[in-house]
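Beneath this line is the structure, given in structure tokens, with notes to follow.
The values are calculated or read from the model by the stated rules, or taken from the named source; none is laboratory data. Predicted model, so just to flag it, every value in this text is computed and none were measured. Here the Cβ positions follow ideal geometry from the backbone for every residue, glycine too, while neighbour counts run over all protein chains shown.
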Amino acid sequence: MPTTTATPSAAEARPAAADDLGAHSLAGLLERNARAFPDKPAVIHPAGGPRRDGTRPAYRTLTYGRLQQAVEELAAGLTRAGITKGTKTVLMAPPGPELFALAFALFRVGAVPVVVDPGMGVRRMLHCYRTVGAEAFIGPPLAHAARLLGRRTFAGIRVPVTLGRHRLGRARTLAAVRALGAEGGAAAPVAAGRDDLLMIGFTTGSTGPAKGVEYTHRMALSIARQIEAVHGRTREDTSLVTLPFYGVLDLVYGSTLVLAPLAPSRVAQADPALVVDALER
């Protein structure tokens with residue numbers, strides 16, 4: 001697999017007053033925050049996604065307590081569906097609360113999310129997925145249609161999960177995964193070693209072939225600490241996030257993230273007035 005390794009800081013990672021890092025993991029930090037301030041806004045997001053008619057979107061708020069509840073339910077369900085420690089999992093959730101709930105659920109069970117920039121185009125995306133050897137696939141119905149058409153690319157997928165309302169092929173719906181988790185009760189988080197693989201994020205491919213960057217738990221925590229130190233991040237901050245996956249850091253710090261009203265694959269087409277409106281509000 002053509003992967004490269006992110007180089008961590010030599011400093012030990014201790015983001016956001018985290019003297020007691022929960023299992024030294026991002027999932028542990030989110031759980032700590034949810035227990036400390038369950039009613040605090042975690043994710044503020046446009047209701048129904050970005051609008052193309054220029055009207056101001058309504059926004060909804062997800063609290064830390066509700067987010068952690070969703071993470072625990074999904075983690076239990078994903079485990080029972082067969083996504084466990086070390087399972088490389090394509091994650092193609094659109095911007096919204098589900099993206100963060102799924103990401104932290106995967107972190108909690110020790111699975112390895114595989115994240116690709118959707119703006120690179122279908123052909124390049126398929127090349128990335130072909131090289132990584134994923135075993136699970138979580139995405140919307142359209143993505144599963146591409147998966148079924150590209151059987152060679154996704155030959156190793158054994159646990160497909162669709163974000164749609166209806167099953168596609170062998171895929172379970174996300175609602176069915178949640179039900180699995182509710183039936184068996186919450187599962188304890190998997191202990192993660194600092195050098196265990198956390199996720200694989202592909203570069204955009206703008207300067208050459210896209211490369212899969214392997215991040216360990218140690219690297220991710222170190223990155224979080226350095227950003228916290230350089231930018232003076234605290235849990236009192238509110239961030240407008242245009243690259244959704246970076247919102248994971250806000251949830252580690254205990255701050256509030258606002259998802260910008262734009263499509264990450266079409267940033268150049270974003271309406272500046274709506275972005276300014278989100279900043280002001």
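Here are a few things to note about the model shown:
- Members of region 239-249 found to be touching a residue at least 24 places away in the same chain (Cβ under 8 Å) and within 13 Å of PHE100 (Cα to Cα), listed by number: PRO244, PHE245, GLY247, VAL248, LEU249
- Residue selection: TYR215 satisfies the criterion of being among the aromatic types (Phe, Trp, Tyr) and not in a helix (DSSP H, G or I).
Condition check ((1) at pLDDT below 90; (2) surrounded by 19 or more Cβ atoms within 10 Å (Cβ to Cβ)) across all residues:
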residue: GLU214; (1), (2): no, no
residue: HIS231; (1), (2): no, no
residue: SER239; (1), (2): no, no
residue: GLY247; (1), (2): no, yes
residue: SER255; (1), (2): no, yes
residue: ALA263; (1), (2): yes, no
residue: VAL276; (1), (2): no, no
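- Of all residues in region 106-125, those that are of a type in the set (Gly, Ala, Ser) and either in a helix (DSSP H, G or I) or over 14 Å from the mean Cα position of the chain (by Cα) (or both) total 2.
- Screening region 55-105 for residues that are within 15 Å of the chain's Cα centre (by Cα) and among the small types (Gly, Ala, Ser) and picking the one that is nearest to THR242 (Cα to Cα) gives GLY96.
- For region 126-170, a residue qualifies if it is outside any helix (DSSP H, G or I), within 13 Å of THR89 (Cβ to Cβ) and modelled with pLDDT under 85, and exactly one does: PHE154.
- Matching residues in region 113-148 - criterion: being in contact with a Phe, Trp or Tyr (Cβ under 9 Å, 6 or more places away or on another chain), surrounded by 21 or more Cβ atoms within 10 Å (Cβ to Cβ) and not hydrophobic (A, V, I, L, M, F, W, C): PRO113, TYR129, HIS144, ARG147
- Flag if ARG152 is among the charged types (D, E, K, R), more than 30 Å from GLU280 (Cβ to Cβ) and surrounded by 15 or more Cβ atoms within 10 Å (Cβ to Cβ): no
- One residue from MET120, MET92 being more than 25 Å from PRO189 (Cβ to Cβ) and either without any contact (Cβ under 8 Å) to a residue 40 or more places away in the chain or not basic (Lys, Arg) (or both): MET120
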